Amino acid sequence: MKYKFAAADMDGTLLNDSNEITPHTVKIIRQAVDKGLIFSICTGRPIQGVSRYQKQLGIQGPVITYNGAMILDSATEKILYRQELASDDARKILEAGIRYDTTMCIWSDNKLYGNQLNDRIHEYSQATKVTPLPISSIEQLLSQGITKILWYDDVEKIQQIEKELRSAAHFQNVTFCTSKPFYLEFFNSKVSKAAAIDRIGELYGFSPAETIAIGDGFNDLPMIRYAALGAAMSNAPDGVKQYADYVAKHTNNEDGVAEVLEKFVL
């Protein structure tokens, strides 16, 4: 089999707009896995936001969470790899978030903390079913390690913030990007979905030439460009499609992931 591994982004890719994996896509993924493919969900969400989908697929293997900052074994939820923000960088992001008066969703030790327990963070937490906790002490969070920080605000404000942060080159060892127009996510600069796939390749014994990556967003670009076959959903923006080796004819609502696996694996 030419391809031994496939990673698929969740939101806008594997999941339809009702946040579900369709029965047809489940069937195709299972057929590909039965043929020998290692299939990995690859998402910005924590493991709590992935577990029910992994159970629905009924397969085992590595799961990429926090955009690549943590890889877990789906059977045991054992952490295979993690890369947290450096303490000084996390502090700068938190201080900047306070200055911008934005809602911050902070993941530490697989728990969700918020600087404001408002409607936005409660809405964000619905996808993961994790109850947000107040920040009792920034120092405590920094000492236990911060995996990811997400700012949630109006689209226009997020666009302006991102523009200002990039022009100021404020963070030296931090990668940040929008995963949705109203989400700005911050990670250690060593973190990407591509780096996570590379790490899984080392653990499971496959090369970049044997990989497929499927996504729809700009945070998927590193893995789309890394994989031997980088595929974009039909619903992806042009800025993502232009770097894809293959653009699916179908959207996330029309089994686009199944289309890619049927064409290139089955």
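Of the trypsin sites (Lys or Arg not before Pro) in region 17-71, the ones in a loop by DSSP (not H, G, I, E or B) with at most 16 other beta carbons within 10 Å are Lys35.
For region 43-154, a crude dipole built from +1 on the beta carbon of Lys and Arg and -1 on the beta carbon of Asp and Glu, taken about the Cα centre, is about 420 debye to the nearest 20.
Starting with the highest mean, order 107-113, 148-154 by the number of other Cβ atoms within 10 Å, averaged over the residues of each peptide. Could the numbers behind the result be given before it?
On the way: 107-113: 19.1, 148-154: 21.7.
Top to bottom by mean Cβ count within 10 Å: 148-154, 107-113.
A simple packing score, the average count of other Cβ atoms within 10 Å per residue, orders the peptides 209-217, 126-134 as 209-217, 126-134, with the highest score first.
With contributions of -39500 (n - 2.57) from each DSSP H run of at least four residues, the per-residue ellipticity at 222 nm computed over the chain stands at -10000 deg cm²/dmol. Three principal axis extents describe the C-alpha atoms of region 1-146; from largest down they are 51, 30, 23 Å.
For the chain, the extents of the C-alpha atoms along the principal axes are 51, 38, 32 Å, listed from largest to smallest. Expressed as a rounded percentage, what relative contact order does the chain have, with Cα pairs under 8 Å and six or more residues apart? Value for the chain: 22 percent. The distance separating the Cα centre of region 1-66 from that of region 108-147 comes to 26 Å.
In order along region 179-185, phi translates into HN-Hα couplings of 9, 9, x, 9, 10, 10, 10 Hz, rounded to whole numbers, per the Karplus curve 6.51 cos²θ - 1.76 cosθ + 1.60 with θ = phi - 60° and x for Gly and Pro.
Could you check what % of the DSSP bridge pairs in the chain are antiparallel, to the nearest 5? Approximately 60 percent, going by the DSSP bridge assignments. Across region 68-74, rounded Karplus estimates of 3J(HN,Hα) from the backbone phi angles (6.51 cos²θ - 1.76 cosθ + 1.60, θ = phi - 60°) give x, 6, 8, 10, 10, 7, 5 Hz, Gly and Pro being marked x. For region 125-266, the fraction of C-alpha pairs farther apart than 28 angstrom is 30 percent. Phi angles across region 220-234 convert, under the Karplus curve 6.51 cos²θ - 1.76 cosθ + 1.60 with θ = phi - 60°, into 3J(HN,Hα) values of 8, 4, x, 7, 5, 7, 6, 5, 4, 10, x, 10, 10, 5, 4 Hz, Gly and Pro given as x.
Each Lys and Arg Cβ is given +1 and each Asp and Glu Cβ -1; about its Cα centre, region 130-191 then shows a dipole of about 220 debye.
Per-peptide packing, taken as the mean over residues of other Cβ atoms within 10 Å, places 218-231, 194-207 in the sequence 218-231, 194-207 from highest down.
For Ser189, the amide hydrogen comes within under 5 Å of the amide hydrogens of Val174, Thr175, counting only partners 5 or more places away or on other chains and with H modelled in the peptide plane. Seen against the Cα atoms of the chain and their longest principal axis, helix 193-204 is set at about 60 degrees.
Considering only the other residues whose Cβ falls under 12 Å of the Cβ of Ala232, what net charge follows from Lys and Arg at +1 and Asp and Glu at -1? Around Ala232, the charge tally is -3.
Accessible surface computed residue by residue for region 65-124, with neighbouring protein chains in place and a 1.4 Å probe, gives 44 Å² per residue.
Out of the total accessible area of the chain (probe 1.4 Å, heavy atoms of protein only), what percent is carbon and sulfur? Carbon-and-sulfur percentage of accessible area, whole number: 47.
Partners of Lys249 within straight-line reach, counting aspartates and glutamates whose Cα lies under 15 Å from its Cα and excluding those fewer than 8 residues away in the same chain: Asp216, Asp238, Glu259, Glu262.
The values are calculated or read from the model by the stated rules, or taken from the named source; none is laboratory data. Just so you know, these numbers come straight off a predicted model, no measurement behind them. Every residue, glycine as well, gets a Cβ built from its backbone with ideal geometry; the counts of neighbours run over all protein chains shown. Areas reflect the complete protein model, heavy atoms only, side chains present, ligands, DNA and RNA absent. Shrake-Rupley method; radii C 1.70, N 1.55, O 1.52, S 1.80 Å.
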